[in-house]
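To start, the structure itself, in structure tokens.
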Amino acid sequence: MAVLVATHDCFSADITTLDGKTYKDARVTGVEANGVHISFREGVVEVPFDQLPQELQRQYGYDPAKTTELHKGIAVKVAGTVKRVAGQIWANFPQSVAKNPMPTALLVGFALLLTIAAGTWAKNRKREQRLAARRDQYRKSDEWQRKRALVLKRDKYHCVYCGARARRVHQKHYAPRNIGSEPIEWLVSVCERCHDKLNPDFG
């Protein structure tokens, strides 16, 4: 259970997250297990630790390396538990089948499902981490900054959806495999409000 810890910064400043979103006159007003609450001009948002600027990550004790190791440790423990349970079931399999085959068959099936689920979870987690690292690296690259500047200039710094002042760039056909190869025609300028409504994973 996440426990909210109240905190009060003595000053307000603009906070820009790693995905490029800027919160004006912002300050951290609460800390949870997986992120912080930020109060800014338009309200309050919860921002995960892995999206905070590095100085704020350090200030609130977030260490990406330790978090990755924790996830690996969880996967190893789950796999070990499943293996141990499956081994115990297999060792008692002949006697169990002789006495009552149905419960044993159910337990074996359940153990196999747990093994598959644990392996799939670990595989997906590693894939997500690789994609996130690749996406974050590309966002900081000169190539992406050039594209972003060209799109904003092309759209005259106006949101293509509502006409407001645009500060963000949205990729209309986002997919992890497209990172770094998206044509400029797929990119459009958007304001913060429309960006939040679109809820993109990139831009």
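The values are calculated or read from the model by the stated rules, or taken from the named source; none is laboratory data. Predicted, not measured: the structure shown is a model, and the values here were computed from it. Using ideal geometry, Cβ is built from the backbone for each residue, glycine included, and neighbour counts are taken over all protein chains shown.
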Give all pairs with beta carbons closer than 6 Å in which a residue from the range 114-133 that is not assigned by TED's automatic domain parsing to the domain that holds G180 meets a residue that is surrounded by 11 or more Cβ atoms within 10 Å (Cβ to Cβ) and part of a helix (DSSP H, G or I); count only pairs at least 6 apart in sequence or on separate chains. L114/V82; T115/V82; A118/V78; A118/A79; A118/V82; A122/A75; R125/H71; L131/P176
So which residues in the range 31-46 are touching a His at 6+ places or on another chain (Cβ under 8 Å) and either under 15 Å from Y62 (Cβ atoms) or crowded, with 18+ Cβ neighbours inside 10 Å (or both)? V31, E46
Neighbours by Cβ (under 6 Å, 6+ apart or cross-chain): first from the range 46-60, among the aromatic types (F, W, Y); second assigned to a loop (DSSP other than H, G, I, E, B): F49/Y62
Which numbered condition in (1) farther than 27 Å from T16 by Cβ; (2) at pLDDT below 85 is the only one that R135 fails? (1)
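Does the range 157-172 contain any residue that is assigned to a helix (DSSP H, G or I) and exposed (fewer than 13 other Cβ atoms within 10 Å of the Cβ)? Quick ask: steps written out before the conclusion?
Initial filter on the range 157-172 (assigned to a helix (DSSP H, G or I)): none.
Scanning the range 157-172 turns up no residue that is assigned to a helix (DSSP H, G or I) and exposed (fewer than 13 other Cβ atoms within 10 Å of the Cβ).
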Please give the number of the condition A111 fails out of (1) modelled with pLDDT of 70 or more; (2) crowded, with 16+ Cβ neighbours inside 10 Å; (3) within 30 Å of Q137 (Cβ to Cβ). (3)
